[in-house]
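I have placed the structure first, in the form of structure tokens, so that the comments after it can refer back to it.
The values are calculated or read from the model by the stated rules, or taken from the named source; none is laboratory data. The shown structure was predicted, so the numbers you read here are calculated from the model rather than taken from an experiment. As a convention, Cβ positions derive from the backbone with ideal geometry for all residues, glycine included, and neighbour counts pool all protein chains shown. The area values use the complete protein model at the heavy-atom level, side chains included, leaving out ligands, DNA and RNA. Shrake-Rupley method; radii C 1.70, N 1.55, O 1.52, S 1.80 Å.
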Amino acid sequence: MPTRALVFDFDGTLADTESAVLRSWQEVFREHGTELPMEAWYAVIGTQHTTAAMFALLAEHAPGIDPEALRPRTRAHVLKLLEDLGPRDGVRNYLETAQQHGLKLAVASSSSGAWVNPHLERLGIDHYFGAVLTGDRHKAKPDPDLYLAALDALGAEATDAIAFEDTPHGVTAAKAAGLTCVAVPNAITASLDFGQADVVLPSFTAKPLEALLSR
């Protein structure tokens, strides 16, 4: 079957927001006299539970913290770190090529719409996507619900679509929904196991989109 649709994860895939988020949490933990274990971060990356899991872990090391008091400051710090962030290398070329081929495009992210949509606009890539599905309206990854919703929104079948992900949780979700999945890990996730993915690329510049469409 020819490829008719592409579905992209957002955080870490279209833009490397995860590095900034991780850096912010590491600084919060250090301010409270402890280090954030990377295995704890990997356990929740790409899901909807990152913030809650981080505050719960921090509370184990710093009893009595007030998550609601810390939340605005941590968010502001992340946004400051992201001010100059652009799309990952090669992403614009993929989106332009997809548009030239008449492919339907969607974003499927476990993050909230309040997080994803402003970033897509700031990055100047929001106009490429016919649908943006987010974790505040659908079950988060590794559940396949976001991908099933994306296919429905695009009017596409799973056999016609390719997903792009940067975490094993995301790959699990895409495969459970029946999509071909291309993993494009970033600096944070490169060491994780992407055995479930159909293709693993070190970057979007490593292979042109046309080479994936001809699979």
Criterion first (more than 18 Å from Ile45 (Cα to Cα) and among the acidic types (Asp, Glu)) does Asp126 satisfy it? yes
Identify all residues within region 200-215 that are open to solvent by less than 20 Å² (accessible area, probe 1.4 Å) and either outside any loop (DSSP other than H, G, I, E, B) or free of Cβ contacts under 8 Å to residues at least 12 places away in the same chain (or both); write none if there are none. Leu209, Leu212
For the subset of region 2-20 comprising residues that are of a type in the set (A, V, I, L, M, F, W, C) and touching a Gly at 6+ places or on another chain (Cβ under 9 Å), which member is surrounded by the fewest Cβ atoms within 10 Å (Cβ to Cβ)? Ala15
By residue number, the members of region 159-176 that are open to solvent by less than 20 Å² (accessible area, probe 1.4 Å) and small (Gly, Ala, Ser) are Ala161, Ala163, Gly170, Ala173, Ala174
When every residue in region 22-70 that is open to solvent by 30 Å² or more (accessible area, probe 1.4 Å) and under 17 Å from the mean Cα position of the chain (by Cα) is compared, the one nearest to Ala190 (Cα to Cα) is Tyr42
For region 23-52, which positions are under 25 Å from Tyr147 (Cα atoms) and touching a helix residue (DSSP H, G or I) at 6+ places or on another chain (Cβ under 7 Å)? Trp41, Val44, Ile45, Gly46, Thr47, Thr50
Tell me the residue from Leu70, Leu95, Leu58 that is within 21 Å of Ala183 (Cα to Cα) and at pLDDT 85 or above, please. Leu95
Test each condition in (1) touching a Phe, Trp or Tyr at 6+ places or on another chain (Cβ under 8 Å); (2) touching a residue at least 40 places away in the same chain (Cβ under 8 Å); (3) not hydroxyl-bearing (Ser, Thr, Tyr) for Val171 and report the one that comes out false. (2)
Residues of region 17-32 that turn out to be aliphatic (A, V, I, L, M), out of contact with any strand residue (DSSP E or B) (no Cβ under 9 Å at 6 or more places or on another chain) and within 23 Å of Arg122 (Cα to Cα), as a count: 2
Output the residue which, of all residues in region 80-96 that are touching a residue at least 40 places away in the same chain (Cβ under 8 Å) and open to solvent by 20 Å² or more (accessible area, probe 1.4 Å), is farthest from Leu14 (Cα to Cα). Leu81
Name the residue, out of Val107, Val132, that is free of Cβ contacts under 8 Å to residues at least 40 places away in the same chain and of a type outside the set (Asp, Glu). Val132
Count - residues of region 177-192 that are modelled with pLDDT of 95 or more and surrounded by fewer than 18 Cβ atoms within 10 Å (Cβ to Cβ): 1
